[in-house]
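Below you'll find the structure, written out as structure tokens, and then a few comments.
The values are calculated or read from the model by the stated rules, or taken from the named source; none is laboratory data. Remember, predicted model here, so these are calculated numbers, not experimental data. No Cβ is skipped: glycine too gets one built from the backbone with ideal geometry, and neighbour counts run over all protein chains shown. Accessible surface areas use protein heavy atoms only, side chains included; no ligands, DNA or RNA. Shrake-Rupley method; radii C 1.70, N 1.55, O 1.52, S 1.80 Å.
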Amino acid sequence: MRLLFLLFALSLTGAAHAGGIDRLKAFIAGARTVQADFVQTVSDRNGRVTQQASGTMAFSRPGKFRWDYNVPYEQVIVGDGTKLWLYDADLDQVTVKPLNDMIAGTPAALLAGDNAIEKYFSLKNAGDSDGLEWLEATPKNRDTTFERIRMGFKGDNLVQMELFDQFGQHTTLKLTHFMRNPSIAPSYFKFTPPKGADVIGE
């Protein structure tokens with residue numbers, strides 16, 4: 001599924017001068033919906049870029065989110081509140097899994113979960129660098145592939161994330177055109193498999 005499972009690298013938060021942890025909690029409490037464009041770069045343990053992708057994302061808390069990868073492949077990830085849908089256009093294949101089982105203890109739990117952040121993550125402020133204020137989150141669930149996640153904030157917005165997995169990969173996610181609490185139709189977070197697509201897991 002190539003880029004699809006990088007979903008769990010993706011979560012949205014906000015920040016300012018009071019420290020990354022405080023701003024993360026304030027953002028989650030105040031932002032019910034978010035939309036943004038993203039550019040994603042994956043590097044291996046030697047620093048060599050292995051994947052690049054871009055697209056758009058949105059979420060509606062609690063439990064609903066959507067990531068549309070447009071370049072270099074068309075892929076869609078939708079959490080409808082109950083199920084997680086992963087669609088690969090090149091393969092014409094849809095994978096369906098229970099949402100809660102997939103996001104518990106992952107960065108996606110920050111994006112679309114409830115307010116119990118520290119149930120799933122150990123959080124610490126990570127100082128300032130590159131003009132951003134950083135927060136580091138370590139998953140408490142050791143079943144996840146991610147060892148730690150760094151979130152870089154500017155003003156009230158998350159503008160960059162860095163994810164480090166157990167395979168030595170480093171994923172950088174940069175967000176632009178960030179919109180807080182836009183109006184998003186509920187139908188945007190529903191997914192209907194394309195006619196003729198191979199559906200796995202339902």
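Which FRET efficiency value, to the nearest 0.05, is calculated for Lys174 and Lys83 with the Förster distance at 22 angstrom and r the Cβ-Cβ distance?
Details: r = 29 Å, r/R0 = 1.31.
For R0 = 22 Å, the calculated efficiency reads 0.15.
In terms of Cα to Cα distance under 20 Å, which lysines are near enough to Lys97, apart from those fewer than 8 places away along the same chain?
Lys64, Lys83, Lys190, Lys195
Can you give the accessible area per residue of region 155-202, in Å², using a 1.4 Å probe? Could you put the intermediate results ahead of the total?
Numbers: 2950 Å² over 48 residues.
Accessible surface, normalised per residue, equals 61 Å².
Within 13 Å, Cβ to Cβ, of Arg148, how many net charges do the neighbouring residues add up to if Lys/Arg are +1 and Asp/Glu are -1?
On the way: positive: Lys124, Lys140, Arg142, Arg150; negative: Glu136, Glu147, Glu162, Asp165.
Residues close to Arg148 contribute a combined charge of 0.
Taking K and R as +1 and D and E as -1, what net charge do the other residues with C-beta under 12 Å from the C-beta of Ile21 add up to? Provide the component values of the computation, followed by the final result.
Values: positive: Arg23, Lys25, Lys124; negative: Asp22, Glu118, Glu133, Glu136.
Net local charge, Ile21 excluded: -1.
Just subtract the alpha-carbon distance of Ala29 and Lys195 from 0.36 nm times their residue separation and send over the number in nm, one decimal. The partial results should precede the final answer.
Working: separation 166, 0.36 × 166 = 59.76 nm, distance 3.87 nm.
Stretched fully, the Ala29-Lys195 segment lengthens by 55.9 nm.
Please report how far the C-alpha centroid of region 148-202 lies from that of region 56-75, rounded to the nearest whole angstrom.
5 Å
Once you list every other residue whose beta carbon is under 13 Å from the beta carbon of Phe164, what net charge do they have if Lys and Arg are +1 and Asp and Glu are -1? Please list the in-between numbers first.
On the way: positive: Arg45, Arg148, Arg150; negative: Asp44, Glu136, Glu147, Glu162, Asp165.
With Lys, Arg at +1 and Asp, Glu at -1, the net is -2.
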